[in-house]
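Comments concern the structure below.
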Amino acid sequence: MPSQNPYQALLSISEQINAVHDTSTLFDRIMDIAMEALKAERGFILLKSPGGQAEFEAVTARNISKETISSIRELSSSVVNQVLEKEEPVLTMDAQADQRFSGAESVLLQNIRSVVCTPLLRQNKLIGAIYMDNRAGAGHFDEESLRFLQAFAGQAAIAIENARLFEKLQSENQRLKQQISLSSIFPEIIGKSAPIVHILEMVRDVAGSTATVLIEGESGTGKELVARALHYHSPRKENLFIPIFCGSLSENLLESELFGHKKGAFTGAIENKAGLFEQAHQGTLFLDEIADINKNTQTKLLRVLQEGEIKRVGETAIRKVDVRIISATNKDLWQEVQAGNFREDLYYRLNVINIKMPPLRERKDDIPLLAEHFLQKFAVQNKKKISGFTAEALELLKSYHWPGNIRELENSIERAVILAREPIPDKLGGIRQIPAGLFNLHRPRPEADLAGKPLHEIEKYAILKTLELTGNNRTKTAQILDVSRRWLQYRLKEWGIGEEQ
Ligand SMILES: Nc1ncnc2c1ncn2[C@@H]1O[C@H](COP(=O)(O)OP(=O)(O)OP(=O)(O)O)[C@@H](O)[C@H]1O
Ligand SMILES: [Mg+2]
């Protein structure tokens, strides 16, 4: 029987606990109030995890001096289990003598005498239990203690639910705020989907360091865009960002581009030339298509990364360079290491930070946003007044699988904007919204006949087939495949297919 007015406690509870929004403080407060009102020696609250899984866990366990008890095994689990199972309260005036718990280990071990325990119910659903006990003597709690605890548990359950809801909203709010601030930091990178937000957070966090970054992802996913963002949000932004497309250059040319050369070092070296490493001093060098550089150049690159020094081709003098390296590839570089095509030690040097660009089909939520962004851009460029897309067009854009990713989306929208007729002044029926018919998205899905084949085979098939369709026109083929002509030339050369006739 509570010695002080328990209803006073009930009143103070609603005042006190409704003001607490942080769940862990709330749990302790609930426990302390209840224990004080019932003069209990120890107590704990058990709750289902917020996700609603079947598991119950102790969220707080306190003793009379308001200290946290480390192990709830000291308390009577047999009583609690019964309460959770039957969803009914239990009161035992003398647990040692109570038939229901005779033999229960904790009751015996801990000399537990009086126990009162009640389920926490919210709209008739079990969310947990409050337990209190006393070892001092039998008959410490009575029916009134139980009635009080039940009334109290009703209040506590509401407060707990509110606090949990509050915490959920708070974290949601924080996520949204962060998203807004991320999109104001990187206005050029459009996207709200979880994968792109994750990438923007990484860019924000690593831009300031000098760590090397390897950006992997399919063609057109925004690798270069991210590389530029890394540079322009770093302390190096006043210095140069120099991209170099490693794939299309021969070994000699690439080395002379990267490291520079001495006059007369090879035929054509008519004067001394500083390489890109020197030009990018205190800036950033973006090594695009890094997987395609040959083993010799890989070795030289490794040395630069290890020593921070370069030697111009044909020179012995050593020059110190301070360059941040960002590299990109649309291959799986680790697989290239495994296949023996790429040095493992260089891989680790380049891959201190790894960013994987998701293909557009894995973040379809971003399609309307990106489509709108490109529409605005090309409408302004082409001086056309277009307000948006028809519902059907948007549906088409969302359902397409975008093998060329964002670049393909960008190009498709540019084409559609150019093809869109101007609204005719004073007449109805002019185009203000882009209709689905202006998109030319019926390229066969490669999975139709190529599923289960290695990617490089699919790539080769697509390239050769498109060349066939365009009557061997490489510029057109590159356009249709949404790749650069340079990239296409490189691929063809790799397969021994010579220059265009
Ligand atoms: N999140 C984005 N928001 C706005 N534009 C984007 C986004 N991602 C990519 N783009 C645009 O899409 C085009 C392709 O991007 P980018 O050149 O960075 O791709 P990439 O991964 O380097 O492609 P590739 O492997 O073919 O070189 C660019 O015009 C870029 O501005
Ligand atoms: Mg690129």
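The numbers here are math on the coordinates, done by the rules we state, and not lab data. Since the model is a prediction, treat every value here as computed from it, not as a measurement. No Cβ is skipped: glycine too gets one built from the backbone with ideal geometry, and neighbour counts run over all protein chains shown.
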When Val115, Val59, Val203 are arranged by how many other beta-carbons sit within 10 Å of their Cβ, fewest first, they go Val59, Val203, Val115
Residues whose placed amide H lies under 5 Å from that of Phe389, excluding near-sequence neighbours: Ile434
Hey, what do the phi angles of the stretch 332-348 turn into as Karplus ³J(HN,Hα) couplings, whole Hz, using 6.51/-1.76/1.60 and θ = phi - 60°, x for Gly and Pro? 8, 5, 5, 5, 5, 5, 4, 7, x, 8, 9, 5, 5, 5, 5, 3, 5
For the stretch 446-487, which GluC sites (Glu not before Pro) are in a loop by DSSP, counting at most 16 other Cβ atoms within 10 Å? none
Straight-line reach from Lys262: which aspartates and glutamates fall under 17 Å, measuring Cα to Cα and dropping same-chain residues less than 8 apart? Glu251, Glu271, Glu278, Glu309, Glu315
For the chain, Rg(Cα) over 2.2 N^0.38 Å is 1.47
Projected area averaged over all directions for the convex hull of the alpha carbon atoms of the stretch 194-356, nm², comes out at 9.4 nm²
Rounded to the nearest 500, what is the chain's calculated 222 nm mean residue ellipticity when only DSSP H runs of at least 4 contribute -39500 (n - 2.57) each, over all residues? -14000 deg cm²/dmol
Degrees between helix 143-185 axis and first principal axis of the chain (Cα, 0 to 90, nearest 10): 10 degrees
Inter-probe distance in nm under a simple model that places probes 7 Å from Cα toward Cβ, at Leu225 and Asn18: 4.9 nm
Could you calculate the FRET efficiency of Gln381 with Arg361 from 1/(1 + (r/R0)^6), where r is the beta carbon distance between them and R0 is 30 Å, rounded to 0.05? 0.65
Kirkwood Rh and Cα Rg combined as Rg/Rh, the stretch 355-405: 1.02
Angle, helix 367-381 long axis vs. longest principal axis of the chain, Cα atoms, 0 to 90°, nearest 10? 40 degrees
Does anyone have the angle between helix 455-469 and the longest principal axis of the chain? Alpha-carbon axes, 0 to 90°, nearest 10? 40 degrees
